[in-house]
Amino acid sequence: KGMVEFNNVSFYYDPSKPILQNITFVVPPGQTYALVGPSGAGKSTIIRLLFRFYDIQEGVIRMDGQDIAMVTQSSLRQQIGVVPQDTVLFNNDIRYNIRYGRVSAEDEDVENAARAADIHERILSFPEGYKTMVGERGLKLSGGEKQRVAIARTILKAPNFILLDEATSALDTQTERNIQSSLGKICENRTTIIVAHRLSTIIHADQILVLKDGQIVERGTHEELLEKE
Ligand code: ADP
Ligand code: ADP
(Lines give C-alpha, C1' and ligand atoms only; values in the text may rest on other atoms or scores of the structure.)
(Ligands and ions follow the chains in the order given, each with its own letter.)
Protein backbone atom coordinates (compact mmCIF):
# COMPACT_ATOMS: atom_id res chain seq x y z
CA LYS A 1 0.00 0.00 0.00
CA GLY A 2 1.13 3.50 -0.79
CA MET A 3 1.62 3.80 -4.53
CA VAL A 4 1.18 7.19 -6.15
CA GLU A 5 0.87 7.62 -9.89
CA PHE A 6 0.66 10.84 -11.90
CA ASN A 7 -0.23 10.22 -15.51
CA ASN A 8 0.03 13.22 -17.86
CA VAL A 9 -1.34 15.66 -15.33
CA SER A 10 -1.70 19.24 -16.50
CA PHE A 11 -3.15 22.17 -14.61
CA TYR A 12 -3.87 25.82 -15.35
CA TYR A 13 -5.80 28.80 -14.08
CA ASP A 14 -5.64 30.37 -17.53
CA PRO A 15 -5.40 27.88 -20.46
CA SER A 16 -2.85 30.09 -22.21
CA LYS A 17 -0.54 29.90 -19.20
CA PRO A 18 -0.13 26.31 -17.97
CA ILE A 19 0.99 25.83 -14.38
CA LEU A 20 1.72 22.10 -14.74
CA GLN A 21 2.39 20.36 -18.06
CA ASN A 22 2.19 16.61 -18.56
CA ILE A 23 3.48 15.61 -15.17
CA THR A 24 4.12 11.87 -15.12
CA PHE A 25 5.77 9.90 -12.33
CA VAL A 26 5.22 6.85 -10.15
CA VAL A 27 6.17 6.61 -6.50
CA PRO A 28 6.49 3.00 -5.36
CA PRO A 29 4.94 2.16 -1.97
CA GLY A 30 6.98 3.24 1.03
CA GLN A 31 9.40 5.45 -0.86
CA THR A 32 10.21 9.11 -0.32
CA TYR A 33 10.11 11.36 -3.37
CA ALA A 34 11.19 14.98 -3.37
CA LEU A 35 9.77 17.71 -5.57
CA VAL A 36 12.50 20.28 -5.91
CA GLY A 37 12.68 23.55 -7.80
CA PRO A 38 12.46 27.31 -7.54
CA SER A 39 9.51 29.18 -6.15
CA GLY A 40 6.64 29.13 -8.63
CA ALA A 41 7.79 25.89 -10.30
CA GLY A 42 4.57 24.08 -9.41
CA LYS A 43 5.53 22.03 -6.35
CA SER A 44 2.62 23.16 -4.17
CA THR A 45 0.20 22.65 -7.02
CA ILE A 46 1.22 18.98 -7.30
CA ILE A 47 0.79 18.51 -3.54
CA ARG A 48 -2.59 20.26 -3.61
CA LEU A 49 -3.87 18.16 -6.50
CA LEU A 50 -2.92 15.05 -4.53
CA PHE A 51 -5.23 15.83 -1.66
CA ARG A 52 -7.76 17.38 -4.01
CA PHE A 53 -7.50 20.89 -2.73
CA TYR A 54 -7.70 21.58 -6.46
CA ASP A 55 -9.88 19.65 -8.89
CA ILE A 56 -8.03 17.58 -11.43
CA GLN A 57 -8.40 19.09 -14.89
CA GLU A 58 -6.29 16.90 -17.17
CA GLY A 59 -4.65 13.55 -16.70
CA VAL A 60 -5.12 10.99 -13.95
CA ILE A 61 -3.77 10.71 -10.42
CA ARG A 62 -4.00 7.29 -8.83
CA MET A 63 -3.34 6.15 -5.32
CA ASP A 64 -2.98 2.39 -4.99
CA GLY A 65 -4.44 2.08 -8.45
CA GLN A 66 -7.54 4.10 -7.69
CA ASP A 67 -8.31 7.30 -9.59
CA ILE A 68 -8.51 9.89 -6.82
CA ALA A 69 -11.11 11.87 -8.74
CA MET A 70 -13.45 8.92 -8.11
CA VAL A 71 -13.16 8.63 -4.34
CA THR A 72 -14.78 10.87 -1.76
CA GLN A 73 -12.64 13.61 -0.38
CA SER A 74 -13.05 12.35 3.18
CA SER A 75 -11.90 8.83 2.39
CA LEU A 76 -8.98 10.25 0.44
CA ARG A 77 -7.94 12.52 3.29
CA GLN A 78 -8.15 9.71 5.82
CA GLN A 79 -5.28 8.06 4.03
CA ILE A 80 -3.19 11.20 3.68
CA GLY A 81 -1.36 13.37 6.17
CA VAL A 82 -0.60 16.84 4.86
CA VAL A 83 1.90 19.13 6.51
CA PRO A 84 1.49 22.60 5.01
CA GLN A 85 3.82 25.57 5.09
CA ASP A 86 1.80 27.44 7.62
CA THR A 87 0.07 25.57 10.37
CA VAL A 88 -2.62 27.17 12.44
CA LEU A 89 -2.74 25.65 15.90
CA PHE A 90 -5.46 25.70 18.50
CA ASN A 91 -5.04 27.89 21.53
CA ASN A 92 -4.39 24.87 23.66
CA ASP A 93 -1.44 22.85 24.86
CA ILE A 94 1.03 21.16 22.56
CA ARG A 95 -0.15 17.67 23.38
CA TYR A 96 -3.71 18.64 22.51
CA ASN A 97 -2.50 19.96 19.20
CA ILE A 98 -0.48 16.86 18.40
CA ARG A 99 -3.31 14.58 19.41
CA TYR A 100 -5.94 16.58 17.56
CA GLY A 101 -8.40 14.31 15.79
CA ARG A 102 -7.12 11.23 17.59
CA VAL A 103 -8.68 11.46 21.00
CA SER A 104 -7.83 7.88 21.86
CA ALA A 105 -4.10 8.18 21.25
CA GLU A 106 -1.96 7.12 24.23
CA ASP A 107 0.29 9.70 25.89
CA GLU A 108 3.24 7.51 25.05
CA ASP A 109 2.45 7.64 21.35
CA VAL A 110 2.02 11.41 21.50
CA GLU A 111 5.43 11.65 23.16
CA ASN A 112 7.06 9.41 20.60
CA ALA A 113 5.64 11.57 17.82
CA ALA A 114 6.90 14.68 19.60
CA ARG A 115 10.33 13.08 19.93
CA ALA A 116 10.45 12.26 16.23
CA ALA A 117 9.50 15.82 15.35
CA ASP A 118 12.14 17.15 17.73
CA ILE A 119 9.69 18.99 19.95
CA HIS A 120 9.71 16.62 22.90
CA GLU A 121 11.88 18.86 25.07
CA ARG A 122 9.44 21.65 24.54
CA ILE A 123 6.73 19.50 26.06
CA LEU A 124 8.88 18.44 28.99
CA SER A 125 10.75 21.63 29.71
CA PHE A 126 7.96 23.31 31.63
CA PRO A 127 6.92 22.36 35.13
CA GLU A 128 3.35 22.10 34.09
CA GLY A 129 4.32 20.24 30.89
CA TYR A 130 0.83 19.56 29.66
CA LYS A 131 -0.11 23.18 30.10
CA THR A 132 2.36 24.57 27.61
CA MET A 133 0.09 26.78 25.61
CA VAL A 134 0.55 27.68 22.01
CA GLY A 135 -1.89 30.54 21.70
CA GLU A 136 -1.91 34.13 22.76
CA ARG A 137 -2.89 33.35 26.33
CA GLY A 138 0.09 31.14 26.86
CA LEU A 139 3.52 30.53 25.50
CA LYS A 140 4.17 31.54 21.97
CA LEU A 141 5.62 29.00 19.61
CA SER A 142 7.91 30.03 16.80
CA GLY A 143 7.04 29.19 13.19
CA GLY A 144 9.51 26.32 13.32
CA GLU A 145 7.99 24.93 16.48
CA LYS A 146 4.54 25.06 14.94
CA GLN A 147 5.86 23.12 11.98
CA ARG A 148 7.19 20.50 14.36
CA VAL A 149 3.82 20.21 16.06
CA ALA A 150 2.21 19.69 12.65
CA ILE A 151 4.77 17.03 11.78
CA ALA A 152 4.24 15.27 15.12
CA ARG A 153 0.48 15.30 14.49
CA THR A 154 0.98 13.67 11.11
CA ILE A 155 3.34 11.04 12.53
CA LEU A 156 0.73 10.19 15.16
CA LYS A 157 -1.95 9.88 12.50
CA ALA A 158 0.23 7.30 10.73
CA PRO A 159 -1.36 7.66 7.28
CA ASN A 160 -0.36 5.68 4.20
CA PHE A 161 0.79 8.87 2.50
CA ILE A 162 2.49 11.94 3.92
CA LEU A 163 2.73 15.15 1.92
CA LEU A 164 5.08 17.87 3.14
CA ASP A 165 4.84 21.24 1.46
CA GLU A 166 7.95 23.17 2.48
CA ALA A 167 7.00 21.87 5.88
CA THR A 168 10.39 22.31 7.47
CA SER A 169 11.34 25.55 5.76
CA ALA A 170 11.02 27.67 8.93
CA LEU A 171 13.71 25.57 10.62
CA ASP A 172 17.46 25.82 10.47
CA THR A 173 19.14 23.47 8.03
CA GLN A 174 20.43 21.03 10.63
CA THR A 175 17.03 20.69 12.30
CA GLU A 176 15.42 20.24 8.90
CA ARG A 177 17.83 17.41 8.16
CA ASN A 178 17.22 15.81 11.57
CA ILE A 179 13.47 15.88 11.15
CA GLN A 180 13.57 14.60 7.58
CA SER A 181 15.80 11.79 8.70
CA SER A 182 13.70 10.78 11.72
CA LEU A 183 10.58 10.96 9.59
CA GLY A 184 12.26 8.69 7.08
CA LYS A 185 13.20 6.19 9.79
CA ILE A 186 9.76 6.10 11.37
CA CYS A 187 8.03 5.71 8.05
CA GLU A 188 10.53 3.38 6.46
CA ASN A 189 8.81 1.09 3.97
CA ARG A 190 5.43 1.78 5.54
CA THR A 191 4.58 5.28 4.43
CA THR A 192 4.97 6.97 1.09
CA ILE A 193 6.31 10.48 1.50
CA ILE A 194 6.23 13.31 -1.02
CA VAL A 195 8.11 16.38 0.04
CA ALA A 196 8.23 19.73 -1.75
CA HIS A 197 11.27 21.85 -1.05
CA ARG A 198 13.34 24.50 -2.75
CA LEU A 199 16.60 22.68 -1.96
CA SER A 200 17.41 19.08 -2.70
CA THR A 201 20.28 18.95 -0.22
CA ILE A 202 17.94 18.91 2.76
CA ILE A 203 16.11 15.79 1.83
CA HIS A 204 16.73 12.09 2.23
CA ALA A 205 14.79 10.96 -0.80
CA ASP A 206 14.81 7.81 -2.88
CA GLN A 207 14.19 9.92 -5.94
CA ILE A 208 14.29 13.63 -6.71
CA LEU A 209 12.05 15.22 -9.32
CA VAL A 210 13.32 18.62 -10.42
CA LEU A 211 10.57 20.97 -11.52
CA LYS A 212 10.87 24.08 -13.60
CA ASP A 213 8.00 26.11 -15.02
CA GLY A 214 5.54 23.31 -14.36
CA GLN A 215 7.56 20.54 -15.97
CA ILE A 216 9.81 17.80 -14.65
CA VAL A 217 13.19 18.69 -16.14
CA GLU A 218 15.36 16.16 -14.30
CA ARG A 219 14.88 13.10 -12.16
CA GLY A 220 17.17 10.78 -10.29
CA THR A 221 18.83 10.01 -7.01
CA HIS A 222 20.90 12.64 -5.26
CA GLU A 223 24.09 11.07 -6.61
CA GLU A 224 22.78 10.83 -10.16
CA LEU A 225 21.78 14.48 -10.18
CA LEU A 226 25.14 15.56 -8.78
CA GLU A 227 26.93 13.64 -11.53
CA LYS A 228 24.97 15.46 -14.21
CA GLU A 229 25.92 18.88 -12.88
P1 ADP B 1 5.87 26.32 -5.95
O2 ADP B 1 5.19 25.50 -4.91
O3 ADP B 1 6.88 25.55 -6.74
O4 ADP B 1 6.43 27.58 -5.42
P5 ADP B 1 3.19 26.81 -6.94
O6 ADP B 1 2.64 25.47 -7.26
O7 ADP B 1 2.79 27.46 -5.65
O8 ADP B 1 4.79 26.75 -7.05
O9 ADP B 1 2.83 27.83 -8.10
C10 ADP B 1 2.99 27.49 -9.45
C11 ADP B 1 2.54 28.64 -10.31
O12 ADP B 1 1.15 28.84 -10.15
C13 ADP B 1 3.20 29.97 -9.98
O14 ADP B 1 3.54 30.60 -11.19
C15 ADP B 1 2.11 30.74 -9.28
O16 ADP B 1 2.27 32.12 -9.46
C17 ADP B 1 0.88 30.22 -9.94
N18 ADP B 1 -0.33 30.32 -9.10
C19 ADP B 1 -0.50 29.80 -7.87
N20 ADP B 1 -1.73 30.04 -7.41
C21 ADP B 1 -2.35 30.72 -8.40
C22 ADP B 1 -3.66 31.25 -8.55
N23 ADP B 1 -4.57 31.13 -7.58
N24 ADP B 1 -3.96 31.89 -9.70
C25 ADP B 1 -3.05 32.01 -10.68
N26 ADP B 1 -1.80 31.54 -10.61
C27 ADP B 1 -1.46 30.90 -9.49
P1 ADP C 1 2.18 29.59 -1.28
O2 ADP C 1 3.46 30.04 -1.93
O3 ADP C 1 2.11 29.99 0.16
O4 ADP C 1 1.87 28.16 -1.53
P5 ADP C 1 0.05 30.25 -3.12
O6 ADP C 1 0.11 28.87 -3.65
O7 ADP C 1 -1.25 30.80 -2.71
O8 ADP C 1 1.04 30.48 -1.91
O9 ADP C 1 0.66 31.19 -4.19
C10 ADP C 1 1.83 30.88 -4.83
C11 ADP C 1 2.17 32.02 -5.74
O12 ADP C 1 1.08 32.26 -6.60
C13 ADP C 1 2.45 33.31 -5.01
O14 ADP C 1 3.59 33.91 -5.55
C15 ADP C 1 1.22 34.14 -5.26
O16 ADP C 1 1.54 35.50 -5.35
C17 ADP C 1 0.71 33.61 -6.58
N18 ADP C 1 -0.73 33.69 -6.66
C19 ADP C 1 -1.61 33.29 -5.71
N20 ADP C 1 -2.85 33.52 -6.10
C21 ADP C 1 -2.77 34.09 -7.32
C22 ADP C 1 -3.73 34.57 -8.25
N23 ADP C 1 -5.03 34.53 -8.01
N24 ADP C 1 -3.29 35.06 -9.42
C25 ADP C 1 -1.98 35.10 -9.68
N26 ADP C 1 -1.02 34.67 -8.85
C27 ADP C 1 -1.42 34.17 -7.69
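The values are calculated or read from the model by the stated rules, or taken from the named source; none is laboratory data. This structure is a prediction, so every number in the text was calculated from the model and none was measured. Ideal geometry is used to build each Cβ from the backbone, glycine not excepted, and the neighbour counts take in all protein chains shown.
Condition check: among the polar types (S, T, N, Q), crowded, with 16+ Cβ neighbours inside 10 Å, within 16 Å of ligand 1 (Cβ to nearest atom) and modelled with pLDDT under 90. Does residue 21 satisfy that? Lay out the reasoning, then the answer.
Numbers: among the polar types (S, T, N, Q): yes; crowded, with 16+ Cβ neighbours inside 10 Å: yes; within 16 Å of ligand 1 (Cβ to nearest atom): yes; modelled with pLDDT under 90: no.
Considered against the rule, which asks whether it is among the polar types (S, T, N, Q), crowded, with 16+ Cβ neighbours inside 10 Å, within 16 Å of ligand 1 (Cβ to nearest atom) and modelled with pLDDT under 90, residue 21 comes out as no.
Pick out the one residue from 136, 121 that is among the acidic types (Asp, Glu) and either buried (at least 17 other Cβ atoms within 10 Å of the Cβ) or modelled with pLDDT under 50 (or both).
Details: 121 fails: either buried (at least 17 other Cβ atoms within 10 Å of the Cβ) or modelled with pLDDT under 50 (or both).
After applying the criteria, what remains is 136.
Taking into account only those residues within segment 85-99 that are in a loop (DSSP other than H, G, I, E, B) and among the β-branched types (Val, Ile, Thr), which is farthest from residue 171 (Cα to Cα)? Let's see the steps before the verdict.
Pass one, segment 85-99, residues in a loop (DSSP other than H, G, I, E, B): 85-92.
Still in the list and also among the β-branched types (Val, Ile, Thr): 87-88.
Working: 87: 14, 88: 16 Å.
The residue in question is 88.
Can you pull out the residues in segment 156-189 that are modelled with pLDDT of 90 or more, more than 16 Å from ligand 2 (Cβ to nearest atom) and either under 16 Å from residue 34 (Cβ atoms) or assigned to a helix (DSSP H, G or I) (or both)? Matches in segment 156-189: 156, 157, 161, 162. None of 110, 26, 71, 9 is more than 16 Å from ligand 1 (Cβ to nearest atom) and over 24 Å from residue 185 (Cα atoms) except 71.
Pairs are defined by a Cβ separation below 6 Å, a sequence spacing of at least 6 or placement on different chains, a first member in segment 77-97 that is touching a residue at least 60 places away in the same chain (Cβ under 8 Å), and a second member that is within 16 Å of ligand 1 (Cβ to nearest atom) and part of a strand (DSSP E or B); the pairs so defined are 82/163; 83/164; 84/165; 85/165.
Could you list, in sequence order, the residues of segment 38-62 that are more than 16 Å from the chain's Cα centre (by Cα) and either near ligand 1 (Cβ under 9 Å from one of its atoms) or in contact (Cβ under 8 Å) with a residue 40 or more places away in the chain (or both)?
The first filter runs over segment 38-62 and keeps only residues more than 16 Å from the chain's Cα centre (by Cα), leaving 38-41, 54-62.
Residues satisfying the conditions are 38, 39, 40, 41, 54, 56, 57, 58, 59, 60, 61, 62.
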